[in-house]
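FYI, it's all coordinate maths here, none of it is from the lab. Computed from a predicted structure; not experimentally measured. Reconstructed Cβ throughout: ideal geometry from the backbone, glycine too, with neighbour counts over all protein chains shown.
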């Protein structure tokens, strides 16, 4: 893919409390053609995704291994053992959300407890097919994308944004004379990588950081421009941007540690640029498939749609092995987002029975806030109440308590 935005090098977009005025003052000199998807683009994109995965982690984190994760499940307070088989770069993410805590230890698989494990997690293409695929499980992608749709005109796009977000944008944009500048030269992109991106990722995520090596980053930078956010000529932050067809993609993003600026400001300028380019979609980037993910909830204020991350990506399969107190505690607060029949859903199991009106309202609000299509709330019993469930929720009666776990895993 060529860098179709490079012709806009040096172009600036302007801010201001009046969001409509900010758009009118941000005319672009030059024309950035849309990138056309080449023949077999899906295949090349999939291979590129695998190469990117390799460049985002050291080889030790890509090697298949078996580990036992031991900790205390947060709802039940019961000891929990998770058997993990796959790449270690996924272990911390899966364990943290299954246990509901970052307080756990890793042991060799030979240290498997006599009573067995509560949950099995597999994470590798070789473990995502055959007999493994036939066993019911919670199956999630490693990543999801959040994508906002733009309307035919800027006023129409603004009209679709939440009033609270527009109020917040006006407040921040009125404080300083923000500008966003398109930079296409390679030295500036490499300086951004060394000075801001690497230190921020390592500081924020520590051992779990997914850090692109220089070669991988260079490949991304070659087909992207650097979109710098500045005020009074001070660097505040930047994102790599690329255009593919009718979509403007926000890539690697980092901010200056010396400045305090909300990421919504940079996202707003990306939205303005996408509208100016005639794009239909602004891709807000990757997020973890988890209701508790900070990035997902932060970007959800733009009312984006969830979309797949790309082709040929292996999945994380989470299979409860026994109906222990720890397992049931985890499933009662499960937040892993699954793609089922083209829709994004979250399944939860309530062994205490059908939730009340207040609990259903909270679940519905969570689904609305996160942008998932539906929350499936399952419970032992023969029938659910006749009254309709709130928006984006579905009640599922599972029958006997003895078979509730298996029935839950087989929910359509």
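So if R0 is 25 Å, what FRET efficiency would residue 368 and residue 158 give, r being the distance between their Cβ atoms, rounded to the nearest 0.05?
0.75
With axes computed from alpha carbons, what is the tilt in degrees of helix 88-99 against the longest principal axis of the chain, rounded to the nearest 10 within 0 to 90?
For helix 88-99, the angle is close to 60 degrees.
For q = 0.12, 0.16 Å⁻¹, what log10 I(q)/I(0) does region 341-412 give under the Debye formula with an equal point scatterer on each alpha carbon and no solvent?
Debye curve over Cα of region 341-412, log10 I(q)/I(0) at q = 0.12, 0.16 Å⁻¹: -0.29, -0.52.
Quick one: angle between helix 41-55 and the longest Cα principal axis of the chain, in degrees between 0 and 90, rounded to 10, please.
Helix 41-55 sits roughly 80 degrees off the main axis of the chain.
Label residue 7 and residue 410 with points 7 Å out from Cα along Cα→Cβ: what is the distance between them in nm?
Here the modelled spin labels are 5.8 nm apart.
Distance in nm between label sites at residue 341 and residue 143, each 7 Å beyond Cα in the beta-carbon direction?
That separation, rounded to one decimal, is 3.0 nm.
Any idea what the alpha-carbon Rg over 2.2 N^0.38 Å comes to for region 209-339?
Relative to the rule-of-thumb radius for its length, region 209-339 sits at 1.29.
Using only the C-alpha atoms of the chain, find the volume of their convex hull and express it per residue in Å³.
Output value, Cα hull per residue: 155 Å³.
Which angle between 0 and 90 degrees, to the nearest 10, do you get for helix 357-370 versus the longest principal axis of the chain when only C-alpha atoms count?
Once rounded, one gets 40 degrees.
Would you mind calculating the gained length between residue 188 and residue 232 on full extension (0.36 nm times residue separation, minus the Cα-Cα distance), in nm to one decimal?
Result: 14.0 nm gained on full extension.
Mind ordering 222-231, 104-113 by average Cβ neighbours within 10 Å, highest first?
Top to bottom by mean Cβ count within 10 Å: 222-231, 104-113.
Suppose only helical runs count, i.e. DSSP H with n ≥ 4. What mean residue ellipticity at 222 nm does that imply for the chain under -39500 (n - 2.57) per run, divided by all residues and rounded to the nearest 500 deg cm²/dmol?
Mean residue ellipticity, 222 nm, calculated: -9000 deg cm²/dmol.
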